[in-house]
1. If a residue has to be open to solvent by 40 Å² or more (accessible area, probe 1.4 Å) and either modelled with pLDDT of 85 or more or part of a loop (DSSP other than H, G, I, E, B) (or both) to count, how many in the stretch A:197-211 make the cut?
2. Taking the stretch A:245-292, which residues are in a loop (DSSP other than H, G, I, E, B) and either at pLDDT 90 or above or open to solvent by 10 Å² or more (accessible area, probe 1.4 Å) (or both)?
3. Among what's in the stretch B:27-39 and is open to solvent by less than 50 Å² (accessible area, probe 1.4 Å) and facing another protein chain (nearest Cβ under 8 Å), pick the residue that is farthest from B:V73 (Cα to Cα).
4. If you go through the stretch A:132-150, how many residues are within 24 Å of B:F38 (Cβ to Cβ) and open to solvent by 30 Å² or more (accessible area, probe 1.4 Å)?
5. Among the candidates B:L153, B:L136, which residue alone is in contact with a helix residue (DSSP H, G or I) (Cβ under 7 Å, 6 or more places away or on another chain) and either surrounded by 10 or more Cβ atoms within 10 Å (Cβ to Cβ) or modelled with pLDDT of 90 or more (or both)?
6. For A:G194, indicate whether it is surrounded by fewer than 22 Cβ atoms within 10 Å (Cβ to Cβ) and in contact with a Gly (Cβ under 9 Å, 6 or more places away or on another chain).
7. If you check B:G63, B:G49, which single one turns out to be within 13 Å of another protein chain (Cβ to nearest Cβ) and part of a loop (DSSP other than H, G, I, E, B)?
8. For the stretch A:85-110, which residues satisfy the criterion of being at pLDDT 85 or above and in a loop (DSSP other than H, G, I, E, B)?
Amino acid sequence: MFQFLVDWWNALPFGVQWTIATTSQILAFMIVLLLSLAFLLLMDRKVWAAVQLRKGPNTVGAFGLLQSFADFLKFVLKEIVVPAGADRPLFLLAPLLTFVFAFITWAVIPVAPGWVISDINVGILYVFAISSLGVYGIIIGGWASNSKYPFLGSLRSAAQMVSYEVSIGFVLVTVLLMVGSMNLTAVVEAQAGGFWNWHVLSAGMLPWPAFLITIPMFVIFFISALAETNRPPFDLPEAESELVAGYQVEYSSTPYLLFMIGEYLNIVLMCALMTVLFFGGWHAPFDIAPFTWIPPVFWFAIKVVFFFFMFAMVKALVPRYRYDQLMRLGWKIFLPTSLAAVAVMGGFVVYSNAG
Amino acid sequence: MLQAAAFYILAATAVLSAFMVVAAHNPVRAVLFLILTFFSAAGLFVLLGAEFLAMILVIVYVGAVAVLFLFVVMMLDIDFATLKARSAGYLPLGGLIALAIAAQLALVGFAWVGADGAAAHLQAPMPDDTHNIAALGALIYDRYVLFFQLAGLILLVAMIGAIVLTLRHREGVKRQDMHRQVNRTRDEGVEVIDVKRGEGIG
């Protein structure tokens, strides 16, 4: 029955085949991401509610499972309000930028052996480059709104994201020093064999004192990821007690939804990066029978969900930072620490001939 | 075919947005067009097989330098109309400088094409057995290590100079001293005073 389809496919020139295959991969990945995002958002709210002894969303669908879809419909069906005096094209471009940049980083994240859209040599640099672009959506949105709260929010956000990007960059450098490659698949494959080989412990790869560097590096990465994605306790760009909602004040309907999806997608991306860089990616914690039966993509997903849970717990438990303390933490503590770690790790790798 | 299409799209975007940097009425939009130019240039680097340079261009120029640029331009309180009116006066001088730079670029380009051994380099711009990060690393940290380090030192001096020029210590500013704050004991922090009835502690 499908023979004619197979014939038709084989008759196509290679370029067309490649284009169709890649496009459908990208579409499938996007749909999976958006669907998982809907439930992760619900999880975020449920965790938050549980910490505060509330029930959280529980009305739409069983246990509120369809809440995110209801929210989605509500946002999409509302009216898009563009404030008078706003720079209309830029105002509408900003959420699109956030949304697009949040998606295109996922192109290089390997979720299982061979399951990656683009297995490029400079994967780590690509992730770093695109995540440094994420700030534009916020700056442009804040400026184009032509209103003071959004503008203040976007200024704060720009300064914050630029500051924490520096330490994230140095943490990435320590990891790529250990692996000796910028390819994310190679980074994951270097952590095969068991949880002690994961970069956060790095026992199989380097002599034991290495974890004295890698564990602090992971902690720095985690906290910087919170700041980079404007998550509490570093959500100063949208601090509701000071700036109403920061750069999102003037946004309504679908543009707001795009900002929201972009922001959450970035958070999940940071969770995925922590998994790939420090926690073995798709590898099981033990390389023996009952663990290896479970498919690799499941291990990847479970680790990402765990880190997302940590993000949600931090949001629920930690009070908001003051802005000068945030800057102090980024520039005076994380930057020197990660810089020193790069130097020490470089020497360590050369000394032990591992990289 | 796909590559050629990508090249023409990226090149056209780069040229058009570079033109719009000059032609845009609003400085913020001009900076945004500049960013688009950088971005298309990065795309062109990828097409040339220099993916490392492309990523560094995006990280350094688009991700950091242009953000600060945008920051400054957004904070400026300038009257765009008068700025535009005056910019017409700069046109001859600007055009002259642009022409001089274009001429220099052409000179360098033609001289390089005709130079000894350039044809061989054009044939094989990269060794096949190594990818371009390793190739660049070998060049920068091996053959040109002195120049690289000197460039770094010059940047360091510039950075320190900028800090020295702008740093000023203001009197009477209250600063938070985390160390003192955390190590404060009850004896230093609390003073118990017996206040007599009807009098203050004045």
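The values are calculated or read from the model by the stated rules, or taken from the named source; none is laboratory data. This is a predicted model, so every value here is computed, not measured. Backbone-built Cβ (ideal geometry, glycine too); neighbour counts: all protein chains shown. Surface accessibility is based on the protein's heavy atoms, side chains included, excluding ligands, DNA and RNA. Shrake-Rupley method; radii C 1.70, N 1.55, O 1.52, S 1.80 Å.
1. The qualifying residues number 5.
2. A:A245, A:V249, A:E250, A:Y251, A:S252, A:F279, A:W282, A:H283, A:A284, A:P285, A:D287, A:I288
3. B:I35
4. Summing the residues that are within 24 Å of B:F38 (Cβ to Cβ) and open to solvent by 30 Å² or more (accessible area, probe 1.4 Å) in the stretch A:132-150 gives 1.
5. None of the others qualify; the one that does is B:L136.
6. In short, yes.
7. Exactly one residue qualifies, and that residue is B:G49.
8. A:I109, A:P110
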